[in-house]
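The values are calculated or read from the model by the stated rules, or taken from the named source; none is laboratory data. Small disclaimer: the values here were computed from a predicted structure and weren't measured. Cβ coordinates were reconstructed from backbone atoms using ideal geometry, including for glycine residues, and neighbour counts include every protein chain displayed. Surface accessibility is based on the protein's heavy atoms, side chains included, excluding ligands, DNA and RNA. Shrake-Rupley method; radii C 1.70, N 1.55, O 1.52, S 1.80 Å.
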Amino acid sequence: MSKAGSSASETEVTWEDQQNINKFGRLNNRLHEVEDEIKIAKETNESLEDAGNELILTDEDIVRFQIGEVFAHVPKEEVESRIEEMTEKTSKNLVKLEEEKESIVAQMAALKKILYGKFKDSINLEED
Amino acid sequence: MSTSASLTERRGIPAASFVEDVQTYLSQLNLDVNSALAFLQERLQQYRVVEMKLLAQQRDLQAKIPDIEKCLDVVATLQSKKGTGEELIADFEVSEGIYSRACIEEAESVCLWLGANVMLDYSCEEATVLLEKNLENAKASLEVLMADLQFLRDQVTITQVTVARVYNWDVHQRRLRQAVATPSES
């Protein structure tokens, strides 16, 4: 994302403007990080769902469940409750991340308004 | 908003000084425009080098944390089997693609790899305490690192804006000089 000035501008940049620009940059970075984390959380949820479905279909009583680097032999019910626990944790995390993303997008929109208001064409706050 | 104008550096990273007025800035540094731009570009390069280093450290820490959590999981599982007299049967990888079965009875202690070719025996409780402390330290280090990266990125932004302003100021001065040199006809 570029924040270069154009060649005809005479608008002075105050310390407050600089702090706004810095904050915008920080928010933009965090936004990308959160979007990546959301993608991973969604994929994890899908995997857990697939695992849950496989579990229902299987007729074995003992399932090999990965703990650390090994596959422990765990009774089916325990695996079910473990998967449920993991799914709940991931879903909660996903909700938290989506909320954070919304907040960041709102803050960035507000900053855009302020900065475009002062600098108009001299500043570019879009993704290239 | 933080008044980081008072910070001259953070953990070895020099802060970029905010320029109130380009003219004053140039005369204070006693540099012409091109030298000032060269100096600022060099600063940007230095910042990039530090950024690469910090990003690498961040990646390492972000990989370490899930590893420690997995270890805690294993120790917790072994501990939960202890009183029951049940044995834990686990399939583990002997070599790539080859697995074997292990039967773990009454895990009195676990061995923890401490690094530097050192592995120590711990009781399950001690192992849990140690691993949790490591996890806490790793998370704290990661937080400090992220703050460092934020500070660094702010300095990069300030420097980039300064470059743009110095350049624009120069263009503006040239235009003024041209206007004086070729007076318009009245």
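Worth pointing out:
- Unique residue being within 22 Å of A:Gln18 (Cβ to Cβ), of a type outside the set (Ser, Thr, Tyr) and assigned to a helix (DSSP H, G or I) when the list is B:Phe39, B:Phe18: B:Phe39
- Total residues in the range A:105-124, condition in contact (Cβ under 8 Å) with a residue 24 or more places away in the chain and within 20 Å of B:Val163 (Cα to Cα): 7
- Pairs, first closer than 11 Å to A:His73 by Cβ and at the interface with chain A (Cβ under 9 Å from one of its Cβ atoms) in the range B:86-105, second among the charged types (D, E, K, R) and open to solvent by 90 Å² or more (accessible area, probe 1.4 Å), C-beta under 7 Å, six or more apart: B:Ile89/B:Arg101; B:Asp91/A:Arg64; B:Asp91/B:Arg101
- Given (1) out of contact with any His (no Cβ under 6 Å at 6 or more places or on another chain); (2) open to solvent by 50 Å² or more (accessible area, probe 1.4 Å), index of the condition A:Ile62 fails: (1)
- Scope the range A:10-33; condition among the aliphatic types (A, V, I, L, M) and facing another protein chain (nearest Cβ under 7 Å); matching residues: A:Val13, A:Ile21
- Residue check: B:Asp121 meets all listed conditions (1) surrounded by fewer than 12 Cβ atoms within 10 Å (Cβ to Cβ); (2) without any contact (Cβ under 8 Å) to a residue 12 or more places away in the chain but one, namely (2).
- Looking only at the range A:48-71, residues that are of a type in the set (D, E, K, R) and part of a helix (DSSP H, G or I) come to 3 in all.
- Selected residue [buried (at least 16 other Cβ atoms within 10 Å of the Cβ) and in a loop (DSSP other than H, G, I, E, B)] from A:Val74, A:Val13, A:Val34, A:Val79: A:Val13
- Qualifying residue in the range B:108-121 (condition: within 19 Å of A:Arg82 (Cβ to Cβ) and within 14 Å of chain A (Cβ to nearest Cβ)): no
- Any hit, the range B:22-41, residues being at pLDDT below 95, touching a Pro at 6+ places or on another chain (Cβ under 9 Å) and open to solvent by 60 Å² or more (accessible area, probe 1.4 Å): no
- Of all residues making up the range A:11-48, the number that are more than 30 Å from B:Phe18 (Cβ to Cβ) and either over 20 Å from the mean Cα position of the chain (by Cα) or of a type in the set (A, V, I, L, M) (or both): 4
- Selection of the range B:107-118 for residues being without any contact (Cβ under 8 Å) to a residue 12 or more places away in the chain and either assigned to a helix (DSSP H, G or I) or open to solvent by 80 Å² or more (accessible area, probe 1.4 Å) (or both) yields B:Trp113, B:Leu114, B:Ala116, B:Asn117.
- Considered as a group, the residues in the range B:128-174 that are more than 9 Å from chain A (Cβ to nearest Cβ) and of a type in the set (D, E, K, R) include one that is nearest to B:Val110 (Cα to Cα), and that residue is B:Glu132.
- All positions within the range B:54-85 that are of a type in the set (Lys, Arg) and either farther than 30 Å from B:Val144 by Cα or in contact (Cβ under 8 Å) with a residue 12 or more places away in the chain (or both): B:Lys64, B:Lys81, B:Lys82
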